[in-house]
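Enquirer: First the structure, then my questions, so here it is.
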């Protein structure tokens, strides 16, 4: 069992059939306009569960440059980059929070993880991330964002790298993919969270 790398994790929605279709359209069929409703969902989750005064940096799980060029955008980054404008319209002051696109980079083009179990994903991602903005990471309270949580391997590996360079506190926001078999529930929640921390 790996150590719990996140102090808290929250999902903005259940990755059911309808949300799965929408995210698939967003990521793979260039329906970039869907970033706005996803961003609203994610922002409402952030405001509800996080103390905004306890956050220094918000950053996405990164894509490898090859995947970024193929897709043209980082889907996780697009889902929070408009938060400052949303906050201003709602008279919420988050001006102290830094929105950093690449605090960690993906240095290795990993194999597609579709169909991999937790153990295979962890092995596939080991050593695939590298911290770059070390001065920003050290002592910072960081929210890591991704579009979908499956086994948590990518988020965990990013978190491991940031903690290795002195991150003060890490939390995680995402949509929640429900495991197909009941026996996978504890495995999916093992590294980043517990079911009770997701659904209070």
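The values are calculated or read from the model by the stated rules, or taken from the named source; none is laboratory data. Everything numeric in this text was worked out from a predicted model, so none of it was measured. All Cβ positions, even for glycine, are placed from backbone atoms using ideal geometry, and neighbour counts span all protein chains on display.
Enquirer: Go through (1) modelled with pLDDT under 90; (2) in contact with a strand residue (DSSP E or B) (Cβ under 7 Å, 6 or more places away or on another chain) and name the single condition residue 16 misses.
Expert: Status for residue 16: all satisfied but (2).
Enquirer: Across the range 137-151, which residue is nearest to residue 40 (Cα to Cα) among those that are modelled with pLDDT under 80 and part of a loop (DSSP other than H, G, I, E, B)?
Expert: By that ranking, first place goes to 150.
Enquirer: Give the number of residues within the range 99-136 that are surrounded by fewer than 19 Cβ atoms within 10 Å (Cβ to Cβ), modelled with pLDDT of 85 or more and in contact with a helix residue (DSSP H, G or I) (Cβ under 6 Å, 6 or more places away or on another chain).
Expert: Looking only at that region, the number is 1.
Enquirer: Additional query: Exactly one condition in (1) within 20 Å of residue 21 (Cβ to Cβ); (2) modelled with pLDDT under 90; (3) buried (at least 16 other Cβ atoms within 10 Å of the Cβ) is false for residue 63; which is it?
Expert: (1)
Enquirer: Filter the range 152-176 down to the residues that are part of a helix (DSSP H, G or I), in contact with a helix residue (DSSP H, G or I) (Cβ under 7 Å, 6 or more places away or on another chain) and free of Cβ contacts under 8 Å to residues at least 40 places away in the same chain and list them by number.
Expert: Result: 157, single match.
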